[in-house]
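Here is the structure we will look at.
The values are calculated or read from the model by the stated rules, or taken from the named source; none is laboratory data. For clarity, every value in this text was computed on a predicted model and none was experimentally measured. Virtual Cβ from ideal backbone geometry, glycine too; neighbours counted across all protein chains shown. For accessibility, only protein heavy atoms count, side chains too; no ligands or nucleic acids. Shrake-Rupley method; radii C 1.70, N 1.55, O 1.52, S 1.80 Å.
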Amino acid sequence: MLTAGVFALAGLIFFTSFNTAKGTNIRTDSSLLKLSDLIHERSRENGERDESNGALRAEIEALAERDNGSTKAEDDKLAALEKRAGTQKLRGEGLTVTLNDAPPDARAKLPGYPEPQPDYLVIHQQDLQAVVNALWQGGAQGIKVMDQRLISTSAVRCVGNTLILQGRVYSPPYKITAVGDPEKLKKAMTASPAIRNYMVYVNVYGLGWKVTDDGPVTLPGYSGTVDLHYAKPID
């Protein structure tokens with residue numbers, strides 16, 4: 001009876017699988033959509049929506065400039081606020097910092113240091129944040145990470161070795177561009193304890209670090225939403 005029951009259960013499973021598959025492969029394989037593919041697709045969609053939002057905002061501003069009934073003093077005040085908010089393009093002397101992962105086969109280059117763990121060889125959130133903080137400290141008038149302008153609500157976050165910034169996903173190398181006095185920006189980065197710690201890993205394990213003077217550059221204005229979303233208590 002036990003043997004008959006096992007065969008009956010196996011037959012039921014086979015029939016259910018056949019009926020579910022309907023001639024297709026129900027195993028998980030490389031042909032199915034992976035989570036990483038879904039993330040990159042959503043990142044691409046967010047990028048397209050940012051561009052569309054930026055174009056619509058430009059149209060609204062053009063219409064508002066025709067005759068909005070405001071005084072010159074009010075217009076000047078609004079322009080100053082937009083500049084500080086990061087929604088307008090910014091041109092000036094630029095400096096770019098590039099961070100990159102170390103080679104996967106990296107070894108300790110200096111005596112007295114342990115052989116690297118995988119965690120030692122990738123860029124972390126605190127590394128990117130250290131550079132951004134130092135550039136602000138050095139008097140940066142505006143900062144761009146990859147192709148996006150940072151504003152007061154921007155959060156530099158990493159998941160694994162990928163950067164998630166304002167709904168979009170990036171992989172190393174990471175480029176951070178700032179507009180300001182290049183010498184003051186470099187001095188601020190040199191004085192940063194977090195960056196000094198990062199430079200140890202650069203010298204020992206080969207993490208990427210490159211600073212370039214760009215000359216005159218133009219940072220894009222932030223084109224994403226500026227509305228804050230927050231939880232509200234239920235009545």
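Return the tail of the calculated pair distribution for the range 103-148, meaning the percent of Cα-Cα pairs more than 12 Å apart.
Values: 736 of 1035 pairs.
Distances greater than 12 Å cover 71 percent of the Cα pairs.
Translational diffusion coefficient of the range 150-235 at 37 °C, 0.692 mPa s, Stokes-Einstein with Kirkwood Rh over Cα pairs, in µm²/s as a whole number.
202 µm²/s
Amide H neighbours of residue 70 under 5 Å, at least 5 residues apart or on other chains, H built in the peptide plane: list them.
Distant-sequence amide H within range of residue 70: zero hits.
What are the ³J(HN,Hα) values, in whole Hz, obtained from phi via the Karplus relation 6.51 cos²θ - 1.76 cosθ + 1.60 with θ = phi - 60°, for each residue of the range 185-199 in sequence order, with x given for Gly and Pro?
5, 5, 4, 5, 5, 5, 7, 6, x, 5, 6, 4, 5, 4, 5
If Rh is defined by the Kirkwood formula over all Cα pairs and Rg also comes from Cα, what ratio Rg/Rh do you get for the range 154-198?
Rg divided by Rh gives 1.04.
Quick one: which residues, 5+ away or cross-chain, put their amide H under 5 Å from the amide H of residue 214? H built at 1.01 Å from N.
94, 95, 96
For residue 175, what is the net charge nearby, where nearby means another residue's Cβ is under 12 Å from its Cβ and Lys, Arg count +1, Asp, Glu -1?
Counting the neighbours of residue 175, the net charge comes to 0.
Rank these by accessible area, largest first, 1.4 Å probe: 152, 70.
Working: 152 120, 70 40 Å².
So, going from the largest accessible area down, we get 152, 70.
Could you please put 209, 136 in sequence from largest to smallest accessible area, using a 1.4 Å probe?
Reading off the accessible areas and sorting them downward yields 136, 209.
Can you compute the radius of gyration and Dmax for the range 84-235, using only the Cα atoms, both in Å?
Cα only, the range 84-235: 17.0, 64 Å (Rg, Dmax).
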